[in-house]
Amino acid sequence: MQLMLPLRSERLIIRALNQDDLERHFALFSNPEVVRFLYEEPLNRQRAQEHLKRRCVLDLPSEGAWINFGVELAKERVLIGELGLANLAVTHRHYEIGYVFDPAYVGQGYATEAAAMMVELAISGLGAHRVSARVDARNLRSAAVLERLGMRREGHFVENEFVKGEWTDEATYAVLEDEWRARGGPERSFNFRP
C-alpha cells in the first residue's frame with residue numbers, strides 16, 4: 001500500500017511535513033498551551049528542528065511506529081496543525097490517531113475534520129479494524145473531538161503516567177470499522193484515494 005497524498009476536504013489539505021514547515025512547527029511546539037497535555041516540554045528552535053526532521057519521514061508505519069502529517073488550510077495554505085497515525089498491531093489491525101492544533105484555529109471544527117480524515121485513512125486505506133486515541137483526561141477539548149467523531153470512551157486510567165513531574169490520568173477512545181461505516185464514515189466530504 002502506498003499513501004496517496006495529499007488528502008483533501010473542502011477546507012483542509014493533509015500533506016507530508018517538510019523542512020519548510022519549521023517556523024510553524026516551532027511556533028506550535030514551543031507554545032506552552034499547545035504542549036500542556038503532551039509528553040514534551042516546549043521545544044527550543046534546535047529541538048524543534050530535530051523533532052520536525054523525525055516527522056518528515058513518510059513511510060507507512062511499521063508495527064509500533066508513527067507517521068505524521070501537516071494540516072493546512074486549503075484556501076490560505078497555512079499550516080494550522082499536525083496529525084499522527086500509529087500502527088499499533090498488525091495482527092489486530094489496530095491503529096491510533098493523534099493531533100495537535102494551533103490555538104488560533106481551535107473552535108472551527110478543523111481538528112474534528114482532520115481527525116475524521118485520519119480515521120478514514122486508517123480504515124479504508126490501511127484496513128484497520130479498530131482506531132483508537134488516548135488523551136490526557138484533563139484535555140476536555142481533545143476528548144470532545146473524539147466524541148464528535150463517534151468514538152466510544154472505553155477507559156479512564158487513574159494516574160497511569162508520570163508526565164512533566166506529575167501523575168496524570170488518561171482517557172482512551174475507540175471506534176470499530178463497522179461502527180465507523182454505520183455512521184457514514186466512507187461518505188464523508190473529503191477526497192480519499194487509497
| Given charges of +1 on the Cβ of Lys and Arg and -1 on the Cβ of Asp and Glu, with all other atoms neutral, how large is the dipole of the chain about its Cα centre, in debye to the nearest 20? | 440 debye
| said: Taking a virtual spin label 7 Å from the Cα of GLU23 along the C-beta vector, which residues in region 73-87 bring their backbone nitrogen under 17 Å of it? | reply: 73, 76-81
| message | Cut-off 10 angstrom, C-alpha nodes, Gaussian network model of the chain. Which of VAL131, VAL35, VAL100 fluctuates the most? | response | VAL35
| field | GLN46-GLU10 FRET efficiency (beta carbon distance; Förster radius 30 Å; 0.05 resolution) | value | 0.20
| said: Sorting check: for 143-150, 49-56, 160-167, 117-124, which peptide has the highest mean count of neighbouring beta carbons within 10 Å, and how do the rest follow? | reply: 117-124, 143-150, 49-56, 160-167
| field | Inter-site label distance for PHE157 and TRP66 at 7 Å from Cα along Cβ, in nm | value | 1.5 nm
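No value in this document is a laboratory result; all are computed from the given coordinates. Small disclaimer: the values here were computed from a predicted structure and weren't measured. Positions of Cβ are backbone-derived with ideal geometry, glycine not excepted, and every protein chain shown enters the neighbour counts.
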